[in-house]
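Reading through the structure tokens given below for one structure.
The values are calculated or read from the model by the stated rules, or taken from the named source; none is laboratory data. Model, not experiment: these values are computed from the prediction. Note that each Cβ is placed from the backbone with ideal geometry, even for glycine, and that neighbours are counted across all protein chains shown. When the accessible area is computed, the model is the full protein with side chains, heavy atoms only, and any ligands, DNA or RNA have been set aside. Shrake-Rupley method; radii C 1.70, N 1.55, O 1.52, S 1.80 Å.
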Amino acid sequence: RVVSALLDAIIRRQGRADPSGAGRRRRVDTFLVPRSPSTRPTGLQGARRHCSAPEDDVFASSSLNTDLFPGNLRPRDMSRKRHRLVPDSFGLKRRREQGQAEADPLRGESGSARAAVAELVQLFPRGLFEDALPPIALRSQVYSLVPDRTAADRQQKELQEQGEIRIIQLGFDLDAHGIIFTEDYRTRVRVLKACDGRPYAGAVQKFLASVLPACGDLSFQQDQMTQTFGFRDPEITQLVNAGVLTVRDAGSWWLAVPGAGRFIKYFVKGRQAVLGMVRKAKYRELLLSELLGRRAPAAVRLGLTYHVHDLIGAQLVDCVSTTSGTLLRLPET
């Protein structure tokens, strides 16, 4: 009787949990079937569910699950969300890099040394010297436009031998050489006009007519001047006084430009001033475009562009390519 009462109590309890009565017999039979200890599952995996109550509607709702638990998001929703979270800066950077394809103001490649010299003499401020000096370019400036120095030197040598250009020693440095087109030297050197009525006028005219077209050398030796071109020692002294020649050493003279002393003074001061602009910048470096956009100091009489060509070609600054343009940086010392 005790066993029957216990079974009736279990059946009534399961009937309240499952009003339909479905599965009542199955659950009772399962309860009554003995299970050996060796086959009894352990842990959560083998735990039987004794509660047959229907699942709560709140947790059955997929929309609520999505809102309350982000981990239940479908892959497509997550992909869409990740796309929205990707910052737009990557695309902006890519567009900015494409926009930086513009060439820097000074880095246009000249096809030859002659083209480079022709471009550089256009930067020479003729008005500053009242058109009394021929336009002068520096050999270092040519290297800024023709990076292959061997090719640039070879082409300049050919132009010099052909008599198309003249190379002069500027004097403030052994490597400081000026380049002048021969035609500009003849037509713009007003030494003849300045020599009118002077004792050395004849010697200067003789030099321009006989020596200049025939010899393209940077310097002249005494034997060459006296034996080849027929100059006497007093005439050579007159050429030095007129500024056509400058003394190199005993029995040797450099070709010179009358009145070039003022140009050399302006050039040396301007070079130091532009170098100072880079030196005072943060980290001792400055973008080329920013430098050219600044107001030139009073000491820069020849123009910023003219001096920057010299700094690059003379390797007084290093050129570093960046996405923002060419960066001028003082070399490590």
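Quick notes on this one:
- Accessible area in the full protein assembly, largest first, 1.4 Å probe, for I180, I264, I11: I11, I264, I180
- Estimated FRET transfer efficiency (E285, R126; beta-carbon r; R0 41 Å; 0.05): 0.80
- D217 sits with roughly 70 Å² accessible to a 1.4 Å probe, with DNA, RNA and ligands left out of the calculation.
- With R₀ set to 30 Å, the beta-carbon distance separating R154 from T305 gives a calculated FRET efficiency near 0.70.
- For the set F181, F231, solvent exposure ranked by accessible area (probe 1.4 Å, protein chains only) runs largest to smallest as F181, F231.
- Multiplying the residue separation of V320 and R186 by 0.36 nm and subtracting their alpha-carbon distance yields 44.2 nm.
- Y143 exposes around 30 Å² of accessible area when a 1.4 Å probe is run over every protein chain in place.
- Inter-label distance, A214 to L7: 14.5 nm, where each label sits 7 Å from its Cα along the C-beta direction.
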